Amino acid sequence: MIKIIPSILSADFARLGEQVKAVEQAGVERIQVDVMDGRFVPNITFGPRVIECLRPLTKLAIEAHLMVDRPEDFVGAFARAGADMIIVHQEATPHLHRVVQHIRATGKAPGVAINPATPASAISEILPDVDLVLVMTVNPGFGGQHFIPETLAKIRQVRTMLRERNLSRDIEVDGGIHEGTVRNVVEAGANFLVAGSSIYGDKAGVASAIRRLIEKAGAEPE
Ligand code: DX5
């Protein structure tokens, strides 16, 4: 099932609640909260408190994408704040298996993310333990960047790895996803499509932006 997942990184933070409700009314089922610590990535965004404040406003599933060093230090806080899925970077911890187990133990869904320079083989051992693999299609840290086309081969590689091991997992992509790239990533095997600036930056509004992404992705409206 192909899903469009708005990233709130490009939303208007002065009215974040309204912006989340707007994409919910547009029919999406989940949003991504891009957590950045200024160390793992050269930008700082928000912490668990933002999810805590959004939680009562929306029925959307909330993904906490932890672009942070030592994500193990924050799993409990994001789980308590109300995240439904916690995505950690393979590059951010020496004990990925233990962190994934910890996320599972909190009752949340675990996901693993890999940066553009990280090979798909780096996550082969953890595939059975996660619900989702996030293949970054930009270098993490900022919205509005250009899609890195070389990541298409990695998406195909991850899809092949999953198929060969008979694992049905979601493959998510994040970064530079817009009308010009969405079809390519779906054809490569991605089904969860995170988009920030192409949704919140669209002058025609989030609903038409989401509708056009769905159409271009060749997906059924959610
Ligand atoms: C990492 C961030 C961004 C964001 C989406 O830099 O995680 O990828 O979610 O950014 P856009 O869709 O604006 O490229």
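Structure above, values below:
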{"item": "Residue within region 3-24 that is within 16 Å of the ligand (Cβ to nearest atom), in contact with a Leu (Cβ under 6 Å, 6 or more places away or on another chain) and touching a residue at least 60 places away in the same chain (Cβ under 8 Å) present", "result": "yes"}
{"item": "Subset of region 1-27 [aliphatic (A, V, I, L, M), open to solvent by 10 Å² or more (accessible area, probe 1.4 Å), within 19 Å of residue 132 (Cβ to Cβ) and modelled with pLDDT of 95 or more]", "result": "2, 9"}
{"item": "Region 97-119, residues that are part of a loop (DSSP other than H, G, I, E, B), touching a residue at least 12 places away in the same chain (Cβ under 8 Å) and either over 16 Å from the mean Cα position of the chain (by Cα) or over 17 Å from residue 136 (Cβ atoms) (or both)", "result": "106, 107, 108, 118, 119"}
{"item": "Qualifying helices (runs of 4 or more DSSP H) (wholly inside region 129-203; at least 3 residues being away from the ligand (no atom under 15 Å from the Cβ))", "result": "151-164, 182-188"}
{"item": "From 182, 173, residue being open to solvent by less than 10 Å² (accessible area, probe 1.4 Å), in contact with a Lys or Arg (Cβ under 6 Å, 6 or more places away or on another chain) and either at pLDDT 95 or above or not hydrophobic (A, V, I, L, M, F, W, C) (or both)", "result": "182"}
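The values are calculated or read from the model by the stated rules, or taken from the named source; none is laboratory data. Everything numeric here is computed off the predicted structure, so don't read it as measured data. Cβ sites come from the backbone with ideal geometry, for glycine too, and all protein chains shown count toward neighbours. Each accessible area value is taken on the protein alone, full model and side chains, heavy atoms only, with ligands, DNA and RNA left out. Shrake-Rupley method; radii C 1.70, N 1.55, O 1.52, S 1.80 Å.
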